[in-house]
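Some notes on the structure that comes next.
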Amino acid sequence: MKGLIKIIIFVIVIVIVFIGIFMKSTSKNSTYANKKETQAEKDKNIKEDNIKDQENEANKEAMKVEEIKKKEKIKYINLNPEEVYIPILMYHSISDSDSKNNLLIPVAQFTAEMSWLKKEGFTPMLMGEVISALKSGKVPKRPVAITFDDGYADNYTAGYKALIDNNMKATFFIITDTTDVDSSYMSSVMLKEMASKGMGIENHTSKHMELNKLSRADKVNIIKAGKDSLKEKCGVDSKYLCYPVGRYDDETIAVAKELGLQGAVTTQGGFANIKTGEFELKRVRMSPMDINSFKDIFKSFMQ
């Protein structure tokens, strides 16, 4: 009987030993397989990252090539600075919501206008380019500057698309107290996206008050607040101002210069010219019109 018990115990021990060896072997194989799988995943991720990096570099290179091509296509002329005139178009809202409001430009009209400018070879200019051309006399043969006042949301939802589709760029003057507060105005996300695509984002002050009626201290406050807000919310270093409601005085210009701004646009009708100075640039007020009326604005450039 004792011999039988010993045999049974021996068999049990042998079985336990074999089970242990088998489990250990299985565990090693599993660990090895997991390591192989993990390494495979790492290799796959590295490969995907490399592909993405290559694609990004290719896209950047393509953008550079496209930019060079655009510059090569631009025909410049050299004039006496006082002979340079640039049409700065003044838009507000791009919307079909109210046909009786002259500040609202129908979407189809704006799209047609941008398409015509592209077709006729007009060169879109941001404010820095306008100032440079006015000072130097070197200007595109067919110049145009497109500006929007206030920063309405439809500038992004309707206007921005038409600009991109026609390889145009524009400057948007923003009332900064509305940003990320009022949904009828563009958000900082929208503004940052447009800035990344080559649009100009500039200062229309923080509160849209008539500057000529404010004290010097208040002038400083709302112009500086607008500039600071664009820097904080959008990462934009604004250098140009649009006077709210077109109201300003000599003190306003002095304050703008003290705050480091380099120019400003008014609501006075006409083409921009250096004779008025960089801080009193005239613009062409845009309103609902047919395409022939729009073409008439540029007839002096069509020779």
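The values are calculated or read from the model by the stated rules, or taken from the named source; none is laboratory data. Just so it is clear, the model here is predicted, and its values are computed rather than measured. With ideal geometry, Cβ positions are generated from the backbone for all residues, glycine too; neighbour counts draw on all protein chains shown.
A few remarks follow.
- Of the strands (runs of 3 or more DSSP E) contained entirely in region 176-270, those carrying at least 2 residues that are among the aliphatic types (A, V, I, L, M) fall at 263-269.
- Filter pass, THR179 being within 22 Å of ARG285 (Cβ to Cβ), polar (S, T, N, Q) and either in contact (Cβ under 8 Å) with a residue 40 or more places away in the chain or in contact with a Cys (Cβ under 8 Å, 6 or more places away or on another chain) (or both): no
- Filter pass, THR171 being crowded, with 22+ Cβ neighbours inside 10 Å, more than 14 Å from PHE110 (Cα to Cα) and touching a Lys or Arg at 6+ places or on another chain (Cβ under 8 Å): no
- Selected residue (criterion: surrounded by the fewest Cβ atoms within 10 Å (Cβ to Cβ)) from residues of region 111-160 that are of a type in the set (Val, Ile, Thr) and in a helix (DSSP H, G or I): THR157
- Members of region 161-172 found to be under 22 Å from TYR243 (Cα atoms) and either in a helix (DSSP H, G or I) or not β-branched (Val, Ile, Thr) (or both), listed by number: LYS169, ALA170, PHE172
- Filtered by the rule that a residue be out of contact with any Ser or Thr (no Cβ under 9 Å at 6 or more places or on another chain), more than 28 Å from TYR152 (Cβ to Cβ), part of a loop (DSSP other than H, G, I, E, B) and in contact (Cβ under 8 Å) with a residue 60 or more places away in the chain, region 67-110 gives a lone residue, LEU79.
- Complete set of residues in region 222-233 that are buried (at least 22 other Cβ atoms within 10 Å of the Cβ) and in contact (Cβ under 8 Å) with a residue 40 or more places away in the chain: GLY226, SER229, LEU230
- Restricting SER97, SER93, SER115 to residues that are farther than 25 Å from GLN268 by Cα, modelled with pLDDT of 95 or more and among the small types (Gly, Ala, Ser) narrows the list to SER115.
- Against the test of being assigned by TED's automatic domain parsing to the domain that holds LYS227, without any contact (Cβ under 8 Å) to a residue 12 or more places away in the chain and over 22 Å from ILE297 (Cα atoms), the options LYS119, LYS161, LYS135 yield a single qualifying residue, LYS161.
- Qualifying positions in region 202-213 - surrounded by 22 or more Cβ atoms within 10 Å (Cβ to Cβ) and either farther than 14 Å from VAL265 by Cβ or outside the structural domain of THR176 (by TED's automatic domain parsing) (or both): SER206
- Filter result for GLY198 (closer than 19 Å to GLY277 by Cα and assigned by TED's automatic domain parsing to the domain that holds GLY151): no
- Number of residues in region 213-254 that are more than 24 Å from ILE88 (Cβ to Cβ) and among the small types (Gly, Ala, Ser): the value is 4.
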